[in-house]
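Chemist: Okay, here's the structure, questions in a sec.
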Amino acid sequence: MPSPFPGMDPYLEGEMWQEFHSTLANAIRGQILAALPPSYTALLAKRYVLDQAATSSREKARVIYPDVHIAKIAESLPAYAAAPRSMPVSPMPAPAHPIRMVNPVIVTEKIPVLSIEIRDVARRRLVTLIEILSPANKRNGGAVDYWRRRRELLDRKVHLLELDLLRGGERIPLWGELPPAAYTIMLSRANDRPATEVWPVALAQPLPPTPVPLLLPDADLTLDLQGAVAACFDLVHYERLLDYTAAPPPPPLAADELAWVEATLQWAGIRPHPVSAT
């Protein structure tokens, strides 16, 4: 059984995301290699992003707890604490052993991130970069680092195609108002800066065919992004690994989105547990 959803599967935005991210990058690269003219190639580029535990109200921070003793505070004062002022009392003795308390430590992880580089064979120059955003690109310092990297790319003669297939995290800032959408696809052509082509995609919509520009005068390729997602399910069978009876991973869905998710799962023969919407 493929994903029960016609577009992106919101249940991927959880513990399976990192695995899916790598599989999707390979699927996109394979599709592009099959369509590229002989003068180009498509390479996978791996880099590592430092990701800290999320601190937003929507996500739980991950912490490491050292070995601790539980300290219980006495519910009543010792007898001498209530004695008259005139009565001499002995000072409180120092504790024989220190009390060990919990000191939460935020974990910083190195997250591997794959992107697809289209290069011309003759000069090996970067022509088009396809970025698949990860949660680490959209929160805390990782978002700042990604925006900095993005500005550097936009200063070069490189086409930049960004696939934001995550509902959670910070959106890439753009001028202008976009309609509400779960996902966004953005294309910045090197010969058309500062304009950016944006495809807002609702939760219930299939992912649209996406142009992939090359060097002029070569024509754009067309990336079947929905087909790439379907190929990932055909290969790995994520539908066997995702718990569709549980609530979708955060961020919480709006009431209409949640109703659609539950109806879609029921139509596919899956009975999700009822979940309250935001």
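The values are calculated or read from the model by the stated rules, or taken from the named source; none is laboratory data. Since this is a predicted model, take the numbers as computed values, not measurements. Every residue, glycine as well, gets a Cβ built from its backbone with ideal geometry; the counts of neighbours run over all protein chains shown.
Chemist: Kindly indicate whether any position in the stretch 203-216 is out of contact with any His (no Cβ under 8 Å at 6 or more places or on another chain), over 23 Å from Leu36 (Cα atoms), buried (at least 17 other Cβ atoms within 10 Å of the Cβ) and modelled with pLDDT of 95 or more.
Modeler: So far as the stretch 203-216 goes, yes, one or more of its residues are out of contact with any His (no Cβ under 8 Å at 6 or more places or on another chain), over 23 Å from Leu36 (Cα atoms), buried (at least 17 other Cβ atoms within 10 Å of the Cβ) and modelled with pLDDT of 95 or more.
Chemist: Just checking, does the stretch 242-255 include any residue being surrounded by fewer than 18 Cβ atoms within 10 Å (Cβ to Cβ), in a helix (DSSP H, G or I) and of a type outside the set (A, V, I, L, M)?
Modeler: No - not one qualifying residue is present in the stretch 242-255.
Chemist: Select from the stretch 256-272 the residues that are assigned to a helix (DSSP H, G or I) and of a type in the set (Gly, Ala, Ser) and write down the one among them that is nearest to Arg139 (Cα to Cα).
Modeler: Among those that are assigned to a helix (DSSP H, G or I) and of a type in the set (Gly, Ala, Ser), it is Ala259.
Chemist: Where the second residue is assigned to a strand (DSSP E or B) and of a type in the set (Lys, Arg) and the first is under 12 Å from Val158 (Cβ atoms) and lies in the stretch 112-125, which pairs have Cβ atoms under 9 Å and are six or more apart or on separate chains?
Modeler: From residues that are under 12 Å from Val158 (Cβ atoms), the pairs are Ser115/Lys46; Ser115/Arg47; Arg125/Arg119.
Chemist: Kindly indicate the residue of the stretch 109-147 that is of a type in the set (Lys, Arg) and outside any strand (DSSP E or B) and also surrounded by the most Cβ atoms within 10 Å (Cβ to Cβ) among those meeting that condition.
Modeler: Here the residue is Arg139.
Chemist: Hey, could you check the stretch 179-198 for residues that are of a type in the set (Gly, Ala, Ser) and out of contact with any Pro (no Cβ under 6 Å at 6 or more places or on another chain) and say which is surrounded by the fewest Cβ atoms within 10 Å (Cβ to Cβ)?
Modeler: Ranking the qualifying residues of the stretch 179-198, first place goes to Ala195.
Chemist: Turning to a different aspect of this structure: Report, ordered by the first and then the second residue, all pairs with beta carbons closer than 6 Å, sequence separation of six or more or different chains, a first member in the stretch 198-216 that is aromatic (Phe, Trp, Tyr), and a second member that is in a loop (DSSP other than H, G, I, E, B).
Modeler: Note: pairs meeting the criteria are Trp199/Pro208.
Chemist: Report, by residue number, each residue of the stretch 188-206 that is part of a loop (DSSP other than H, G, I, E, B), more than 20 Å from Pro248 (Cβ to Cβ) and not small (Gly, Ala, Ser).
Modeler: Arg189, Asn191, Asp192, Arg193, Pro194, Thr196
Chemist: If a residue has to be touching a residue at least 60 places away in the same chain (Cβ under 8 Å), more than 21 Å from Pro211 (Cβ to Cβ) and crowded, with 21+ Cβ neighbours inside 10 Å to count, how many in the stretch 163-178 make the cut?
Modeler: Of the residues in that region, 1 qualify.
Chemist: Which of the residues that make up the stretch 124-175 are more than 29 Å from Pro248 (Cβ to Cβ) and modelled with pLDDT under 85?
Modeler: Trp175
Chemist: Within the stretch 148-187, which residues are closer than 22 Å to Val201 by Cα and in a helix (DSSP H, G or I)?
Modeler: Arg150
Chemist: Name the pairs: first residue in the stretch 13-37 and without any contact (Cβ under 8 Å) to a residue 60 or more places away in the chain, second residue among the aromatic types (Phe, Trp, Tyr) and assigned to a helix (DSSP H, G or I), Cβ to Cβ under 6 Å, at least 6 apart or on different chains?
Modeler: Filtered contacts from the stretch 13-37: no entries.
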